[in-house]
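Shown below is the structure under consideration.
The values are calculated or read from the model by the stated rules, or taken from the named source; none is laboratory data. Since this is a predicted model, take the numbers as computed values, not measurements. Using ideal geometry, Cβ is built from the backbone for each residue, glycine included, and neighbour counts are taken over all protein chains shown.
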Amino acid sequence: MASSTAAKSQITIRLCGPRGFCAGVDRAIQIVVLALKEFGAPVYVRHEIVHNRYVVEGLEAKGAIFVEELGEIPPEHRKQPVVFSAHGVPKSVPADADQRNLFYLDATCPLVSKVHKQAMRHHRLGRHVVLIGHAGHPEVIGTMGQLPEGSVSLIETVEDADLYVPPDPDNLGYVTQTTLSVDDTAGVIKRLHERFPNLTAPAADSICYATTNRQEAVKQAAPGCDLFLIVGAPNSSNSKRLVEVALRAGAKKSVLVQRASEIDWEAIGDISTVGLSAGASAPEVIVNEIIEAFRERYDATVELADTVEENENFLVNRELRHVELTAADMAFVNGE
């Protein structure tokens with residue numbers, strides 16, 4: 001890195017598109033903001049609405065209170081709304097809310113809800129459900145919680161697929177977590193099909209369009225990159241997958257960062273090409289923050305590495321559709 005008195009080194013930043021907020025994340029954040037405008041603070045949110053501290057802290061500043069379980073909501077606030085996160089929840093959670101007489105708004109991403117329906121369809125048709133995903137992830141917990149205990153088996157890797165002993169090898173149906181690596185998941189499905197030829201696929205692909213698009217953009221931009229930065233949280237599955245995709249596609253180094261302040265400038269070394277993308281729950285304002293941090297230290301040229309244009313839009317809950325957002329509200333919802 002050049003010193004402040006020397007000429008700045010020239011670098012190119014390959015800025016991937018699409019990147020950042022997807023329609024499901026945008027909808028979830030919008031639901032919390034709309035609920036605050038309609039019902040006033042506090043609005044409770046069960047679990048992080050999306051996996052991003054910047055977003056969570058921004059909503060907290062507006063009056064949202066984040067809890068892990070519904071029992072944390074004090075009795076005097078039970079008439080205030082509670083929002084379920086974009087990752088989806090087990091059926092036990094809305095049942096618990098009903099029992100506590102809570103008013104809840106479900107911000108589950110419609111594409112996650114689609115996976116829930118596919119799993120329930122397999123179960124209804126008498127198939128044991130194989131869920132390909134990461135143990136402990138909120139989305140996996142939510143999907144498994146749609147069906148009776150013992151109805152779903154979780155497979156994480158090809159090795160898991162090799163060792164899996166199903167209750168009935170000829171009567172299996174699979175679904176996947178929406179934020180997985182497309183290539184890794186294809187390998188797991190291939191192995192399961194080799195072992196269980198009658199394995200039934202879901203009616204539609206479970207990995208969401210946003211995950212697929214962001215991975216494809218990173219895959220195309222990564223060759224020749226000395227460093228590839230992914231903006232995202234350490235508990236964000238889709239963001240961590242982008243780091244892996246960048247490395248496999250040819251980036252010499254790939255790092256996950258939440259803010260520009262996390263970049264280890266001393267460890268960067270001699271670079272000429274930097275890739276930059278963001279997970280589906282990372283706001284654009286942080287991408288811009290990182291670009292400015294590079295411009296302070298380098299003579300940086302930004303090169304757009306766009307693949308496809310996304311124009312999906314998911315409607316918010318019926319109870320909130322009449323509420324209007326200000327320009328400032330919309331800027332926050334859009335991560336600007």
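Scan the stretch 183-211 residue by residue and report those that are in a helix (DSSP H, G or I), under 21 Å from the mean Cα position of the chain (by Cα) and surrounded by fewer than 16 Cβ atoms within 10 Å (Cβ to Cβ). Can you show your working first?
Just the residues of the stretch 183-211 that are in a helix (DSSP H, G or I), to begin with: 183-195, 209-211.
If we keep only those that are under 21 Å from the mean Cα position of the chain (by Cα) too, we end up with 183-186, 188, 209-211.
Scanning the stretch 183-211 gives ASP183, ALA186.
Report the residue count in the stretch 308-335 for those that are part of a loop (DSSP other than H, G, I, E, B) and of a type in the set (A, V, I, L, M).
To start, the set of residues in the stretch 308-335 that are part of a loop (DSSP other than H, G, I, E, B) comprises 308-317, 321-326, 334-335.
In the following step, the residues that additionally are of a type in the set (A, V, I, L, M) were identified as 308, 315-316, 323, 325.
Summing the residues that are part of a loop (DSSP other than H, G, I, E, B) and of a type in the set (A, V, I, L, M) in the stretch 308-335 gives 5.
THR307 - would you say it is of a type in the set (Ser, Thr, Tyr), under 29 Å from ARG27 (Cβ atoms) and out of contact with any Lys or Arg (no Cβ under 6 Å at 6 or more places or on another chain)?
Working: of a type in the set (Ser, Thr, Tyr): yes; under 29 Å from ARG27 (Cβ atoms): yes; out of contact with any Lys or Arg (no Cβ under 6 Å at 6 or more places or on another chain): yes.
Criteria met by THR307.
Continuing with this model, one more query. Please enumerate the residues belonging to the stretch 36-58 that are assigned to a loop (DSSP other than H, G, I, E, B) and at pLDDT 95 or above.
Step one: list which residues in the stretch 36-58 are assigned to a loop (DSSP other than H, G, I, E, B), which gives 40-42, 47-52.
Hits for the stretch 36-58 are GLY40, ALA41, PRO42.
Could I ask something else about it? Return the only residue of ALA233, ALA260 being touching a helix residue (DSSP H, G or I) at 6+ places or on another chain (Cβ under 6 Å), touching a residue at least 24 places away in the same chain (Cβ under 8 Å) and among the small types (Gly, Ala, Ser). I'd like the intermediate steps shown before the answer.
Values: ALA233 fails: touching a helix residue (DSSP H, G or I) at 6+ places or on another chain (Cβ under 6 Å).
Checking each option against the conditions leaves just ALA260.
In the stretch 42-64, which residues are touching a residue at least 24 places away in the same chain (Cβ under 8 Å) and hydrophobic (A, V, I, L, M, F, W, C)? Step through it out loud before you land on a result.
Residues of the stretch 42-64 touching a residue at least 24 places away in the same chain (Cβ under 8 Å): 42-55, 58-59, 62-64.
Selection gives VAL43, VAL45, ILE49, VAL50, VAL55, LEU59, ALA64.
So the check is Cβ under 7 Å with 6+ separation or different chains; which pairs have a first residue in the stretch 102-120 that's assigned by TED's automatic domain parsing to the domain that holds GLN80 and free of Cβ contacts under 8 Å to residues at least 40 places away in the same chain and a second one that's surrounded by fewer than 21 Cβ atoms within 10 Å (Cβ to Cβ) and small (Gly, Ala, Ser)?
Short answer, once both residue conditions are applied: TYR104/ALA97.
Take the residues in the stretch 224-247 that are more than 18 Å from ALA186 (Cα to Cα) and in contact with a His (Cβ under 7 Å, 6 or more places away or on another chain); name whichever of them is modelled with the highest pLDDT.
Among them, the one singled out is ALA233.
So for the stretch 151-163 (the condition being in contact (Cβ under 8 Å) with a residue 40 or more places away in the chain, of a type in the set (Val, Ile, Thr) and over 28 Å from VAL255 (Cβ atoms)), does at least one residue qualify? Walk me through how you get there before you give the answer.
Of the stretch 151-163, the ones in contact (Cβ under 8 Å) with a residue 40 or more places away in the chain are none.
There is no residue in the stretch 151-163 that is in contact (Cβ under 8 Å) with a residue 40 or more places away in the chain, of a type in the set (Val, Ile, Thr) and over 28 Å from VAL255 (Cβ atoms).
Within the stretch 313-336, can you find the residues that are under 29 Å from ALA260 (Cα atoms) and among the charged types (D, E, K, R)?
Residues satisfying the conditions are ASP329, GLU336.
GLN258 fails exactly one of the following numbered conditions: (1) at pLDDT 95 or above; (2) farther than 21 Å from VAL218 by Cα; (3) within 20 Å of the chain's Cα centre (by Cα). What is the number of that condition?
Only one criterion is unmet by GLN258, namely (2).
Applying the selection to the stretch 15-42, what residues are surrounded by fewer than 24 Cβ atoms within 10 Å (Cβ to Cβ) and touching a strand residue (DSSP E or B) at 6+ places or on another chain (Cβ under 7 Å)?
LEU15, GLY17, LEU36, PRO42
Given (1) without any contact (Cβ under 8 Å) to a residue 60 or more places away in the chain; (2) within 15 Å of the chain's Cα centre (by Cα); (3) surrounded by fewer than 20 Cβ atoms within 10 Å (Cβ to Cβ), where does SER85 come up short, assuming only one miss?
(3)
Something else: Sort out which residues of the stretch 43-53 are surrounded by 19 or more Cβ atoms within 10 Å (Cβ to Cβ) and either out of contact with any Phe, Trp or Tyr (no Cβ under 7 Å at 6 or more places or on another chain) or not assigned by TED's automatic domain parsing to the domain that holds ALA327 (or both), and write them in order of number. Can you show your working first?
Applying the first criterion (surrounded by 19 or more Cβ atoms within 10 Å (Cβ to Cβ)) to the stretch 43-53 yields 43-52.
Listed by number, the residues that qualify are VAL43, TYR44, HIS47, ILE49, VAL50, HIS51, ASN52.
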